[in-house]
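Beneath this line is the structure, given in structure tokens, with notes to follow.
The values are calculated or read from the model by the stated rules, or taken from the named source; none is laboratory data. Model, not experiment: these values are computed from the prediction. Every residue, glycine as well, gets a Cβ built from its backbone with ideal geometry; the counts of neighbours run over all protein chains shown. SASA here: full protein model, heavy atoms, side chains in, ligands and nucleic acids out. Shrake-Rupley method; radii C 1.70, N 1.55, O 1.52, S 1.80 Å.
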Amino acid sequence: MISVSHLVRRFGPFTAVDDISFSLERGEVVGFLGPNGAGKTTTMRMLTGFLPASRGKIEVAGFDVLERSLEVRRKLGYLPEAVPLYREHRVEEMLAFQARLHGLSRADGKRRADEVLARVGMGDRKRSLIGKLSKGQRQRVGLAVALLPDPEVLILDEPTSGLDPLQRIEVRNLIRELAANRTVLLSSHILPEIEAVCPRLIVLHKGRIAADGTSDDLVRELGRETFVAFEAVVPDAAEAVRLLSTLPGVDRVRDNGLVGIHRSFEIVSNDDVREDVGALAAAKGWAARELSWQRPTLEQLFARLALGLDPADAPDAVAAPAPAASVAQPTFAEHALPTLDANLALGVPAEPKPGSYNLNPFVTPPPAEGGADDGDGVCEDRP
Amino acid sequence: MRSFLAIYRRELAGLFLAPLAWILLCVTLFYNGFFFLAALEQSGGNVNASLGYLHRGPLWYLVAFLPPLLTMRMISEETRSGLLEFLLTAPVSDTAVMIGKLAAATSFMAIAWSSVLVFGLVVQLLGATPDWGQLCMEWLGAVFVSGLFSAIGLICSALSGTPLLAAFLAILSNLVLFMVPTGARMARGVLHEPALWIADRIDVRAHFDGSFQTGALDSSHVLFFVVWTALGVFLAVRIVESRRWMG
């Protein structure tokens, strides 16, 4: 339904969109993700034909956006970020105008206006002056205007901005309903929302596609490994590490030391092995205090992009142990920093735990002392 | 055509929904009424001379200021509010958008000038015999003039980031358009032929006076207004398009 090939858009010397390619099938709901200035709005504007591309080709519903612009526009419903509405008009007049632009008859236009207003929950406000509506209401009217011609492709730039949480849920449900027979491309900064609505996400960063896939794909691609955090009272730490390492799917186990009377472990695994760990703890009679699956969220990945950190160069990346031992080894952070207890005693702000995600732009991990990173993210211990 | 009509209706409604348009309409009606009465008194009750006078002096002062004030928001403001993005992504050509806006501004001016026709009707009801042929031609000429100046207003609105700057530029352009031919006529002995030729080609007033003012519908003069207005619309479309290319 949408095909984008080697799209480039330059504004003078600045390249806003840099050679991106993707395609969307009918019925697909795709979320555009990226920090401000990533090129989301520029790409959307090029898809609608409002902005011409510096290079590349866009086809919507089989029509070239530049050569067959009017055909493309007939297939499109577009809601820009700044909702374009004539404030001096009533809601129904705005919708009637949109109906006339799309060549609908008066009767059809009125019927569609009633339908879309009911869908966005504005059925009782059609006589209201747009200038008197709240921001959220205007947003919903804008959505109704975009939906009125029953477009095959919907492009929504921040469709839920200005809406309260309940309205967001309504719009989210509405988008899900619309996706049944339409292609929807939407951008949003509200990540849980975009994650909930869009099975597929395209992450833009500095005008390029940083990742394209499902939320899980992105976490896997951009994020770091997942692990199960396990804290329990164990009689023998080395034995516990050995037993945990033998569980199916476990890559390695780190022993993070004692936290009070409990010993903290990180069981690195791509799968959720909590059940196995729980069963082992029960069998061995370990008194467990924590058993949780830790994985980077989309929000964390997004924040890392927004802060300009390359996700691949995770400064707080989980360090691997020596391959032969398959047991816990101290990470660079542990080498470089005093312990948490020592920090507290000295009044030093706590650094992130090894393996946790540092999203604070002001905290960067110091270079490893006594250990050297060989470039593969693994810090080798050299006592 | 349907999309053009949709734009035209919206723009005309938009003008009448704005307080500024009503103020301009009131000022125009008062201005025309005042000068008509003054001319009637001065001419000793000569109805046709008094009605014709409105298209000699007062018209030109009004067309220098009214179209810029009507068109100043049409592109600059809509660019800022994102409405132009809405229009230019709707299934309607850029030219249709611009012609719709021009037609709306010109129609508004036509309504303002129709006060002269109303005056003619009133004096006829009072027993006088106005020359309807000349009166209608003068009205038609005033509409053509308004169309041309509205096109200039649209160009300035497309060029400017704010309505105020657009109005200022348009008023300045209109004044230059009036003054250059007048100045050229005054300096006929000094100026060379190409300069005089250019001055003649842009002499709006001479084309109005040479045809519509006399009550005649001369196709060459009609063509003059149509061509210049079309050129204005073309330039406005190209400016909007080039701004999209530049981003």
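Suppose we keep only residues that are buried (at least 23 other Cβ atoms within 10 Å of the Cβ) and closer than 18 Å to B:F16 by Cα within the stretch A:84-95. Which one would you say is farthest from the other protein chains (Cβ to nearest Cβ)?
Among those residues, the one meeting the criterion is A:V91.
Is there any pair with a first residue in the stretch A:39-61 that is aromatic (F, W, Y) and a second that is buried (at least 21 other Cβ atoms within 10 Å of the Cβ) and part of a loop (DSSP other than H, G, I, E, B) whose Cβ atoms are under 8 Å apart and which are 6 or more apart or on different chains, and what are they?
Final answer for the pair search is A:F50/B:T89.
Determine if the stretch A:68-81 includes at least one residue that is touching a helix residue (DSSP H, G or I) at 6+ places or on another chain (Cβ under 7 Å), within 10 Å of another protein chain (Cβ to nearest Cβ) and of a type in the set (K, R).
No: the stretch A:68-81 contains no residue that is touching a helix residue (DSSP H, G or I) at 6+ places or on another chain (Cβ under 7 Å), within 10 Å of another protein chain (Cβ to nearest Cβ) and of a type in the set (K, R).
So, in the stretch B:203-247, exactly how many residues are part of a loop (DSSP other than H, G, I, E, B) and over 15 Å from the mean Cα position of the chain (by Cα)?
The number of residues fulfilling the criteria is 6.
For the stretch A:262-288, what are the residues that are open to solvent by 40 Å² or more (accessible area, probe 1.4 Å) and at pLDDT below 90?
Taking the stretch A:262-288 first, the residues open to solvent by 40 Å² or more (accessible area, probe 1.4 Å) are A:263, A:270-272, A:274-276, A:279, A:282-285, A:287-288.
Hits for the stretch A:262-288 are A:N270, A:D271, A:D272.
Considering each residue of the stretch B:111-136, count those that are crowded, with 19+ Cβ neighbours inside 10 Å, within 24 Å of the chain's Cα centre (by Cα) and of a type outside the set (S, T, Y), and give that number.
The number of residues fulfilling the criteria is 7.
When you scan the stretch A:4-35, how many residues do you find that are within 22 Å of A:L154 (Cβ to Cβ), open to solvent by less than 50 Å² (accessible area, probe 1.4 Å) and out of contact with any Pro (no Cβ under 7 Å at 6 or more places or on another chain)?
Here the count works out to 15.
Would you check if A:D272 is outside the structural domain of A:P296 (by TED's automatic domain parsing) and closer than 30 Å to A:G31 by Cβ?
Spelling it out, it is not the case that A:D272 is outside the structural domain of A:P296 (by TED's automatic domain parsing) and closer than 30 Å to A:G31 by Cβ.
Might you let me know whether the stretch A:105-128 holds any residue that is touching a residue at least 60 places away in the same chain (Cβ under 8 Å), under 28 Å from B:M1 (Cα atoms) and open to solvent by 60 Å² or more (accessible area, probe 1.4 Å)?
Scanning the stretch A:105-128, I find no residue that is touching a residue at least 60 places away in the same chain (Cβ under 8 Å), under 28 Å from B:M1 (Cα atoms) and open to solvent by 60 Å² or more (accessible area, probe 1.4 Å), so the answer is no.
Within the stretch B:47-82, take every residue that is surrounded by fewer than 21 Cβ atoms within 10 Å (Cβ to Cβ) and within 14 Å of chain A (Cβ to nearest Cβ) and give me the one that is farthest from B:N32 (Cα to Cα).
B:G82
In this structure, does B:A13 turn out to be within 14 Å of chain A (Cβ to nearest Cβ), more than 30 Å from A:T42 (Cβ to Cβ) and open to solvent by less than 50 Å² (accessible area, probe 1.4 Å)?
For B:A13, the condition - within 14 Å of chain A (Cβ to nearest Cβ), more than 30 Å from A:T42 (Cβ to Cβ) and open to solvent by less than 50 Å² (accessible area, probe 1.4 Å) - is met.
Specify which of the listed residues (A:E177, A:E152) is among the acidic types (D, E), open to solvent by 40 Å² or more (accessible area, probe 1.4 Å), touching a strand residue (DSSP E or B) at 6+ places or on another chain (Cβ under 9 Å) and assigned by TED's automatic domain parsing to the domain that holds A:K40.
Every option except A:E152 fails the conditions.
Return the residues of the stretch B:11-46 that are more than 19 Å from the chain's Cα centre (by Cα) and assigned to a helix (DSSP H, G or I); say none if nothing qualifies.
Matches in the stretch B:11-46: B:L17, B:P19, B:G33, B:F34, B:F35, B:F36, B:L37, B:A38, B:A39, B:L40, B:E41, B:Q42.
Which of (1) open to solvent by less than 10 Å² (accessible area, probe 1.4 Å); (2) in a strand (DSSP E or B) is the odd one out, the single condition A:A38 does not satisfy?
(2)
Within the set of pairs 6 or more residues apart or between chains, which connect a residue that is in a helix (DSSP H, G or I) inside the stretch A:224-246 to a residue that is of a type in the set (K, R) and open to solvent by 10 Å² or more (accessible area, probe 1.4 Å) with Cβ atoms less than 6 Å apart?
As it stands, the answer is A:A237/A:R263, since those pairs meet every condition given.
Could you list, in sequence order, all residues of the stretch A:41-50 that are surrounded by 22 or more Cβ atoms within 10 Å (Cβ to Cβ) and hydrophobic (A, V, I, L, M, F, W, C)?
Those that are surrounded by 22 or more Cβ atoms within 10 Å (Cβ to Cβ) and hydrophobic (A, V, I, L, M, F, W, C): A:M44, A:M46, A:L47.
Matching residues to (1) under 25 Å from B:F212 (Cβ atoms); (2) in contact (Cβ under 8 Å) with a residue 40 or more places away in the chain; (3) touching a strand residue (DSSP E or B) at 6+ places or on another chain (Cβ under 9 Å):
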| position | (1), (2), (3) |
| --- | --- |
| B:G82 | no, no, no |
| B:E85 | no, no, yes |
| B:A105 | yes, yes, no |
| B:L126 | no, no, no |
| B:L135 | yes, yes, no |
| B:V143 | yes, no, no |
| B:F149 | yes, yes, no |
| B:G153 | yes, yes, no |
| B:S157 | no, yes, no |
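In the stretch B:17-35, what residues are touching a helix residue (DSSP H, G or I) at 6+ places or on another chain (Cβ under 8 Å) and loosely packed, with under 14 Cβ neighbours inside 10 Å?
B:L20, B:W22
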